[in-house]
Amino acid sequence: MKAATKLKATEERLEEIRKAAIENASPTGITQPGAGTPLAQNVGSYYGLPALKAPVWTWQVPLYFFLGGIAGVSACLAFIAQSFRSNPALIRTSLWAALLGAAICPVLLIADLGRPARFLNMLRVFKLRSAMSLGAWILAAFSGCAFVAVFCFELLLRGFTNPLLTSLLWLAEASAAVAGLLLGSYTAVLIGATAIPVWSENRKLLPAHFLTSGLGCSAAILEFAGFLIPATQILGFAASGIETVIEIFLEVRKRPVDAPLHHGRSGTTLRIAGLLEGPAALLLRVFWGSVPAGRYAAASCFLIGALLSRYAWIWAGRASASDPNALFHLQRKA
Amino acid sequence: MPISAFLTDASLCIGCKACEVACKEWNQIPDDGFVWSGQSYDNTRALGASTWRHVLFLEQKQPMGSQLASIGEPFRWQFLSDVCKHCANAGCLEACPTGSIVRTEVGSVFVQPDICNGCGYCVVSCPFGVIDKRPEDGRAFKCTFCYDRQKAGLVPACAKACPTESIQFGDLEELKQRGKSRVQDLQRRGYHDAQIYNPQETSVGGIHAFFVILGEPEAYNLPPTPEVPTVYLKSAWTSALVSAAIIVAIVFAAFAI
């Protein structure tokens, strides 16, 4: 019964449309908001569609940025601690942190590839102009050096005293320290030297941010391993201090290109990350730095903040790529 | 060998999408979804891993030369077949860590599918948002400039299929001249906003697939001043080295005290 009524109404409606079309050359009385052919704005962009492709990197890549930073700066800490004849247990922890990172990082990177079986193609060429190519070589070199360093260190620890072994340890540690600093910073260059505006416009800030994060995290790892010594406290203070300055700088500077750093999922995450890495970790050290609980809390804040920050920067890149107006505004201004 | 080029002329395009179809069929590209965008007759929306020619449909409140629109206010319906620009300094080629992306003897930028491992760095390095990763395949794809056809002495599929010669294929210098005289001709005939889109003054250093457009490039989602991202390397690495030095100094100080 109901269906029949509906059918009748439809037939009447069709007659009405036909009549209107004959009389007015267009079916009047029909308004379909959102349908048909919207007018493109003459200024601006093509229907607001993205003018750039968003990064296709999966969750492994920000995690790699985070772990690579820790591993790299840990190797640097180990080498400098060694040259000051610091506590061997501390050097050992840092070296193992570097090696653990060096073992996990390639797995994460290979998992992100569209064709993981072809990961060795990364070492097919050596290209200075490609931060990705350079990064693959840096990671390979770092992994090798970290392995040799840990191997020599463990041998020496077990009483194998040999001048050749000592020099090899020094060489491996020094090389791992240099490669480690590159590992902790090339990831920032990697995203800084792209067509994504929010990354390329922050290409000078990103390496400082990534390396400082790596420093704070590797000191935090040492604190969690029980080294609540003045050295790790100083490193924690320095890292969270620099991060506080970066956080304030990002908040104060308002550029249209930086919108993804202030709004949306990326903006919220980056703000939380900045607060944890910067002011939160710093204040915890200032007020409760004398008790272990305070230092553990500060170290935790810094680690979580650094991890969140990596994800926030990748998400910011996605948001930036999908905003053609910000891109065109930036290019017209230049 | 001479440098090959595309001259794609928006003032000649009728939006028939023969180029899209010819490209898909010749290159055997998979479909990339059947969606209704609601944006004029453009349901393709953008270039991508499985779309190497894309016809844009612009609806603008502007007069088209001296033509009159019958709807009372100025109006023009504009079409343009977009394609990979085959840049003189190509961001994707510079970024590729495997050497999969190469420059061919005809000056085009070619992705070797047997080398690409799908790292995705070319995707963020293209200042025109052209190349993309095909999720179900894992590798990056874009226009090949019909390298196979060119090797056999044939013109690219899109240019061959184009019914209005909106897509012209030929020698780069010759087509540049043709584009210039076409713009002069259009302007003489009242299309005062006709212009060539070929960013030669930026670090991209010119493109091998350039366009004659009416109006500003932004309306076609073409970046007005694209830069090849390698220009950012120097300042980024400088910052990295300075930061590394500061980190080393801090660690030294921490262990020295």
Q.
Here's a check for you: in the stretch B:63-99, which residue that is facing chain A (nearest Cβ under 9 Å) and in contact with a helix residue (DSSP H, G or I) (Cβ under 7 Å, 6 or more places away or on another chain) is farthest from B:Val124 (Cα to Cα)?
A. B:Thr98
Q: Considering each of B:Arg139, B:Arg103, B:Arg178 in turn, give the residue that is charged (D, E, K, R), without any contact (Cβ under 8 Å) to a residue 40 or more places away in the chain and over 22 Å from B:Asp31 (Cα atoms).
A: B:Arg103
Q. Regarding B:Thr202, is this residue in contact with a helix residue (DSSP H, G or I) (Cβ under 7 Å, 6 or more places away or on another chain) and hydroxyl-bearing (Ser, Thr, Tyr)?
A. no
Q) Going by the conditions given, is B:Phe169 in a strand (DSSP E or B) and either touching a residue at least 40 places away in the same chain (Cβ under 8 Å) or surrounded by fewer than 20 Cβ atoms within 10 Å (Cβ to Cβ) (or both)? A) yes
Q: Answer yes or no as to whether B:Gly206 is of a type outside the set (Phe, Trp, Tyr) and either more than 11 Å from chain A (Cβ to nearest Cβ) or farther than 15 Å from B:Leu12 by Cα (or both).
A: yes
Q: Hey, can you tell me all the residues within the stretch B:210-245 that are over 19 Å from A:Thr194 (Cα atoms), in contact (Cβ under 8 Å) with a residue 40 or more places away in the chain and in a loop (DSSP other than H, G, I, E, B)?
A: B:Gly215
Q | Unique residue being touching a Gly at 6+ places or on another chain (Cβ under 8 Å), more than 14 Å from every other protein chain (Cβ to nearest Cβ), modelled with pLDDT of 95 or more and open to solvent by less than 20 Å² (accessible area, probe 1.4 Å) when the list is A:Ala321, A:Ala299 | A | A:Ala299
Q. List pairs: first in the stretch A:233-251 and closer than 17 Å to A:Ala298 by Cα, second part of a helix (DSSP H, G or I) and basic (Lys, Arg), Cβ under 8 Å, 6+ apart or cross-chain?
A. A:Gln233/A:Arg285; A:Gln233/A:Arg295; A:Gly236/A:Arg285; A:Gly236/A:Arg295; A:Phe237/A:Arg285; A:Ser240/A:Arg285
**Q.** All positions within the stretch A:120-133 that are of a type in the set (A, V, I, L, M) and either open to solvent by 30 Å² or more (accessible area, probe 1.4 Å) or assigned to a loop (DSSP other than H, G, I, E, B) (or both)
**A.** A:Leu120, A:Leu123, A:Val125, A:Leu128
Q: Specify which of the listed residues (A:Thr37, A:Thr31) is away from chain B (no Cβ under 14 Å) and at pLDDT below 90.
A: A:Thr31
Q. Which ones in the stretch A:185-222 are in a helix (DSSP H, G or I), aliphatic (A, V, I, L, M) and either at positive phi or open to solvent by less than 10 Å² (accessible area, probe 1.4 Å) (or both)?
A. A:Ala188, A:Val189, A:Leu190, A:Ile191, A:Val198, A:Leu206, A:Leu211, A:Leu215, A:Ala219, A:Ala220, A:Leu222
Q: Name every residue in the stretch B:210-238 that is surrounded by fewer than 22 Cβ atoms within 10 Å (Cβ to Cβ) and more than 18 Å from A:His329 (Cβ to Cβ), in order of residue number.
A: B:Thr230, B:Val231, B:Leu233, B:Lys234, B:Ser235, B:Thr238
Q) Are any of the residues in the stretch A:156-168 within 14 Å of chain B (Cβ to nearest Cβ) and either surrounded by fewer than 23 Cβ atoms within 10 Å (Cβ to Cβ) or part of a loop (DSSP other than H, G, I, E, B) (or both)? A) no
Q.
Condition check: under 24 Å from B:Glu165 (Cβ atoms) and at the interface with another protein chain (Cβ under 10 Å from one of its Cβ atoms). Does B:Leu47 satisfy that?
A. yes
Q.
Being under 15 Å from A:Cys105 (Cβ atoms) and open to solvent by 30 Å² or more (accessible area, probe 1.4 Å) is true for just one of A:Ala225, A:Ala141, A:Ala136, A:Ala176. Which residue is that?
A. A:Ala141
Q. Can you list the strands (runs of 3 or more DSSP E) found entirely within the stretch B:39-127 that contain at least 1 residues being touching a Ser or Thr at 6+ places or on another chain (Cβ under 6 Å) and buried (at least 17 other Cβ atoms within 10 Å of the Cβ)?
A. B:53-60, B:76-83, B:109-111
Q | Any chance B:Gln60 is within 20 Å of the chain's Cα centre (by Cα) and either facing chain A (nearest Cβ under 9 Å) or at pLDDT 95 or above (or both) | A | no
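The values are calculated or read from the model by the stated rules, or taken from the named source; none is laboratory data. Nothing here was measured: the structure is a model prediction, and the numbers come from that model. Note: ideal-geometry Cβ built from the backbone for every residue, glycine included; neighbour counts use all protein chains shown. For accessibility, only protein heavy atoms count, side chains too; no ligands or nucleic acids. Shrake-Rupley method; radii C 1.70, N 1.55, O 1.52, S 1.80 Å.
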